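First the structure, in the form of structure tokens, and then the observations on it.
The values are calculated or read from the model by the stated rules, or taken from the named source; none is laboratory data. Just so you know, these numbers come straight off a predicted model, no measurement behind them. Heads up, the Cβs are rebuilt from the backbone with ideal geometry, glycines too, and the neighbour counts pull from every protein chain shown. To get the accessible areas, we keep the full protein, side chains included, count just its heavy atoms, and leave off ligands, DNA and RNA. Shrake-Rupley method; radii C 1.70, N 1.55, O 1.52, S 1.80 Å.
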Amino acid sequence: MGERASKESKGNNYIKGVSNRLEAIKRDNYCINQKVWFNWQVFGFSNYGKLKSIKMNKRGQAAEGLDLFPFMFFLLIIGGGIFAGTYLFFGSESDFREIEANQLANRVEECIIDKGVNWPNDDGFYKQCGLNKIVLNEGHTLVVRKINWDNTKGENKFVLGGNFEACDFIGVKKNKYYPKCAKREVDVEGEKYEIVAGSNQWLKKRRVSG
Amino acid sequence: MNNKANADVAMNTIVYLVLLMLFLFGIWAFINNQKEGAGIWEDYYTKEIVKLINSAKVGEEVVLDVHRATEIAKGNGVEFGNIFSFSHENKEACVKIGLGMKSCFQYFNNVIIVEPRIEYGLEDKPINKLLFKIGEVKNG
């Protein structure tokens, strides 16, 4: 009797164990199917094997993040294509640097002819010539220097910025990181002066306030 | 267990959707800004205005044909009062005829822009003009 009861109990436990395992498998499959459904509906490039391994192996969860890379890659390709197409169709920003450099050189030339070169300090120069110091300090270069009788470079009367040698480089003319320059020579009271003005100002995009 | 898995799935989906939305918004903003070549015309008008200001003298009045700019701005739903703006602090002339940001360029002439306004064209002369005066900076 006792032997029979023991056998029945063992059999029940076995059936219970099998049914629990079946439940667990059903539950797992449901989760996997849910994931496949979501990913397939939205992006369509998920893979069942990978998801299964995620459920099976915790270490595999890291692989889930890999889905992000193809997604970002596609976005990058599409976005890059649209940007490149628009850029090629409409062209890049117009280059205003040479015009601005010429305007600045003309302005300084007129100022020197009218008022001479005897300004007390740099601020005096800006005031005398009606130029804005803050603007010129951003992306502009300017030098007013005396030219000696033997055509060598003499004393600098005013210097803003540096690297004026770049103005004479032929190779950098198409390089947007170098300023475009304009040169003038002017005679004042029997002395000869050279003006070298450069501009490297580009359009700025600003948010609309208010 | 089930709830946790569902939450993970939902979280993943939300992350992807947010990224997708950001991307689409960026593309939309970029293309909208280029509508009717607004970006190019902004560039053109900004630099033309700055060229005029740089060569102008105090007391002069500047008149500029801006009809094309007003047409594009109208097409893009930009109010006429917002098309041209001048910043005395930054010495900038700004133009906005497309959606999104405005294009600005600095002028080195130490002047201020007085009474900028758009004069609308009449039937016999249907050209919209931008008018402004060149004023003197009071302090310095």
Original post:
Which condition number does A:THR141 fail, the rest of (1) away from chain B (no Cβ under 14 Å); (2) touching a Gly at 6+ places or on another chain (Cβ under 6 Å) being met?
Top reply: (1)
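For the subset of the range B:7-40 comprising residues that are more than 10 Å from chain A (Cβ to nearest Cβ), open to solvent by less than 80 Å² (accessible area, probe 1.4 Å) and within 19 Å of the chain's Cα centre (by Cα), which member is modelled with the highest pLDDT? Show your work before the answer.
First, pick out the residues of the range B:7-40 that are more than 10 Å from chain A (Cβ to nearest Cβ): B:7, B:11, B:14, B:18, B:21, B:25, B:28-29, B:32, B:35-36.
Cutting the leftovers down to open to solvent by less than 80 Å² (accessible area, probe 1.4 Å) gives us B:7, B:18, B:29, B:32.
Filter again for within 19 Å of the chain's Cα centre (by Cα), leaving B:29, B:32.
Working: B:ALA29: 81, B:ASN32: 75.
Among those that are more than 10 Å from chain A (Cβ to nearest Cβ), open to solvent by less than 80 Å² (accessible area, probe 1.4 Å) and within 19 Å of the chain's Cα centre (by Cα), it is B:ALA29.
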**OP:** Within the range A:110-129, track down each residue that is closer than 21 Å to A:GLN201 by Cα and either open to solvent by 20 Å² or more (accessible area, probe 1.4 Å) or over 41 Å from the mean Cα position of the chain (by Cα) (or both).
**Re:** none
**OP:** Please find, among B:LEU122, B:LEU131, the residue that is touching a residue at least 60 places away in the same chain (Cβ under 8 Å) and either among the basic types (Lys, Arg) or not in a helix (DSSP H, G or I) (or both).
**Re:** B:LEU131
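On the basis of being under 13 Å from B:VAL95 (Cα atoms), basic (Lys, Arg), within 11 Å of chain A (Cβ to nearest Cβ) and not in a loop (DSSP other than H, G, I, E, B), does B:LYS47 make the cut?
On the way: under 13 Å from B:VAL95 (Cα atoms): yes; basic (Lys, Arg): yes; within 11 Å of chain A (Cβ to nearest Cβ): yes; not in a loop (DSSP other than H, G, I, E, B): yes.
In short, yes.
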Subject >> strands (runs of 3 or more DSSP E) fully within the range A:148-203 counting 2 or more residues that are among the β-branched types (Val, Ile, Thr) and over 17 Å from A:ARG97 (Cα atoms) >> reply: A:180-188
**OP:** Of all residues in the range A:86-109, count the ones that are aromatic (Phe, Trp, Tyr) and open to solvent by less than 40 Å² (accessible area, probe 1.4 Å).
**Re:** 1
Original post:
Given the structure, is A:LYS133 away from every other protein chain (no Cβ under 13 Å), closer than 26 Å to B:SER103 by Cβ and not β-branched (Val, Ile, Thr)?
Top reply: no
Original post:
Is it the case that A:PHE164 is touching a Cys at 6+ places or on another chain (Cβ under 8 Å), farther than 18 Å from B:ASN54 by Cα and of a type in the set (Phe, Trp, Tyr)?
Top reply: yes
Subject >> Counted residues, the range B:106-119 - those being open to solvent by less than 70 Å² (accessible area, probe 1.4 Å) and free of Cβ contacts under 8 Å to residues at least 24 places away in the same chain >> reply: 1
Original post:
Only one of (1) within 14 Å of another protein chain (Cβ to nearest Cβ); (2) open to solvent by less than 60 Å² (accessible area, probe 1.4 Å); (3) within 25 Å of the chain's Cα centre (by Cα) fails for A:VAL172. Which number is that?
Top reply: (1)
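Which of the residues spanning the range B:56-105 are among the basic types (Lys, Arg) and surrounded by 15 or more Cβ atoms within 10 Å (Cβ to Cβ)? Can you show your working first?
Step one: list which residues in the range B:56-105 are among the basic types (Lys, Arg), which gives B:57, B:68, B:74, B:91, B:96, B:102.
Once the filter is applied, which keeps residues that are among the basic types (Lys, Arg) and surrounded by 15 or more Cβ atoms within 10 Å (Cβ to Cβ), the range B:56-105 yields B:ARG68, B:LYS91, B:LYS96, B:LYS102.
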Subject >> Single unsatisfied condition, A:GLU138 versus (1) of a type in the set (D, E, K, R); (2) farther than 19 Å from B:PHE108 by Cα; (3) in contact (Cβ under 8 Å) with a residue 60 or more places away in the chain >> reply: (2)
